[in-house]
């Protein structure tokens, strides 16, 4: 974590403009700034802001790519809210987010606590645990997952040893979503390294003081570690839940492109893909996309609002 | 130095603690690496054994799965998928490094009007679900007749839409000693010169982190190619893998698994070479959020 120590963050916008002073200098700074920023500005206008507005418009139209969009008012939204498959996709996605995110973060924090102790081979473990986060999104791993969780494969047989026989997870509508949850949890390495960096910044003296006062390990974790890493925890909860809302590739590949069986892995993006790119219902798909944006914005807002109650920032304490 | 748990007592207690620690870590490691080792072993098994046999490693390794790859698939050689993926990934890396570092320099080192507003907008795009851009961007690129080319996949990279990397580089540049670039400016260097000769070389760790993540993300990218590429000869590795599934059926399971393994090799190799940069870069971005 050397980067963290070498690079104390400075507040933005406090820096005086470099040597050139006066109005002419300021104008030159502005010009230079916008020139350097020009790729981003072009990208923001052409690929982010413009498309967002277009997509908002499409959401109120019937549009199949081949004939011009036709204004239909709220039709897409009313159809969508009554569409049983849309409801199904919401249910599947919520279940996925609510189950996968806490499990993944719990494992990430647990392993981070383990790795925060200096032991031999620590760096090697850290690297190995991080690897799944890099390959987890690939089609290759999707295939591997499909194989490992299919009927008669390792997970199924291990289960039968324990006396539970579900006949493989991939073909079972009640279980297949949990194979996806497992794939998400398997990628706990990314939040883990962020927890680890947070743990390393907790001042050692706090633990020593608490120990002198006779606080046990659990007590120290609850009263020192958890509050001290709460900003990092917040960051992880925010990032991981937003990512989980947007899952696509793993559901598509593990379900063999069907997002099934019986729509059991019909995550939101999967349905959006089917509607937009298979059925060419661009209007409906845009309405779905905007509904998701609103939902994610609400979740983000609630998380930011809740952080007052449980996130402790050092600056605030000073 | 232990963190949250009790400091180990000297002598036997310490050794027992160390043993327990390694036992715990190894247990997690076994579960985490199981799928990776499984695919390694499975690619050397005959097709019919791959799912059925529980042995992690093949009884008798066979090369048939890999030699099957040499035939290609539906008349397209496997190497074509790799060349396409490589093109995509390298273009993405060049685009992200150039555009993100220029943008980050403006945010971190130039005091221009409206900087804070634009910075807030840039951070806002980090949290924006990409879905809302998926359809209008497709419509746009379709109108420009750029579907079935790499342009839609890499255009955003050259226009700094990967806000995460801009953010990473801004954070890094803000951490650089201010005296260095101010000295360069006082010596009469323009911003371009300061960026190129002073700031960019000092940002090597952030640049390398961004480059590797971009490479891996592009290599793994599935949805982009799925939406934009239609001609099999232009397919990337991700789509090529899906062709195995579509056309060969279960009979050529072995080649599919072998190609899955081969597709993972560049990512794993990059990771092994640069894991320090990657992990530190990741952790840093999280801490300063």
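Where a number appears in this text, it was derived from the coordinates with a stated rule and is not lab data. What you are looking at is a predicted structure, and each value in this text was computed from that prediction instead of being measured. Using ideal geometry, Cβ is built from the backbone for each residue, glycine included, and neighbour counts are taken over all protein chains shown.
Things worth noting here:
- Here the calculated FRET efficiency for residue B:18 and residue A:217, from their Cβ-Cβ distance with R0 = 22 Å, stands at 0.85, rounded to the nearest 0.05.
- Sorted peptide list for B:60-68, A:139-147, criterion being average Cβ within 10 angstrom, highest first: A:139-147, B:60-68
- Across chain A, the mean sequence separation of Cα contacts (distance under 8 Å, 6 or more residues apart), normalised by length, yields a relative contact order of 26 percent.
- Whole-Å distance, taken between Cα centres, linking the stretch B:133-171 and the stretch A:172-186: 31 Å
- Of every Cα-Cα pair in chain B, the percent that sits beyond 23 Å: 67 percent
- Across q = 0.06, 0.10 Å⁻¹, the protein assembly as shown modelled as identical point scatterers on its alpha-carbon atoms has Debye log10 I(q)/I(0) values of -0.34, -0.98, in the order of the q list.
- Approximate spin-label separation residue A:53-residue B:94, in nm, with each point projected 7 Å along Cα-to-Cβ: 3.2 nm
- Fully extended contour minus Cα-Cα distance, from residue A:31 to residue A:279, at 0.36 nm per residue: 84.6 nm
- Each peptide in A:211-218, A:148-155 receives the mean, over its residues, of other Cβ atoms within 10 Å, and ordering these scores from highest gives A:148-155, A:211-218.
- The simple Förster model, with R0 at 41 Å and r as the Cβ-Cβ distance, assigns residue A:182 and residue A:70 a FRET efficiency of 0.40.
- Within 10 Å of each Cβ in B:113-121, the average number of Cβ atoms from other chains: 4
- The distance from the alpha carbon centre of the stretch B:176-227 to that of the stretch B:30-65 is 41 Å, rounded to a whole number.
- Residue mean of other protein chain beta carbons inside 10 Å, A:251-257: 2
- Projected label distance in nm at residue B:231 and residue A:119, using a 7 Å step from Cα toward the beta-carbon: 5.5 nm
- Between residue A:306 and residue A:88, the modelled labels are 3.0 nm apart [label points 7 Å from Cα along Cα→Cβ].
- Highest average first, the peptides B:139-149, A:187-197 ordered by how many other beta carbon atoms sit within 10 Å of their residues are A:187-197, B:139-149.
- Pairwise FRET efficiency - residue B:276 versus residue A:258, Cβ, R0 = 25 Å, nearest 0.05: 0.05
- Partner shielding of A:121-133 amounts to 5, given as the average count of beta-carbon atoms from other chains within 10 Å of each residue beta-carbon.
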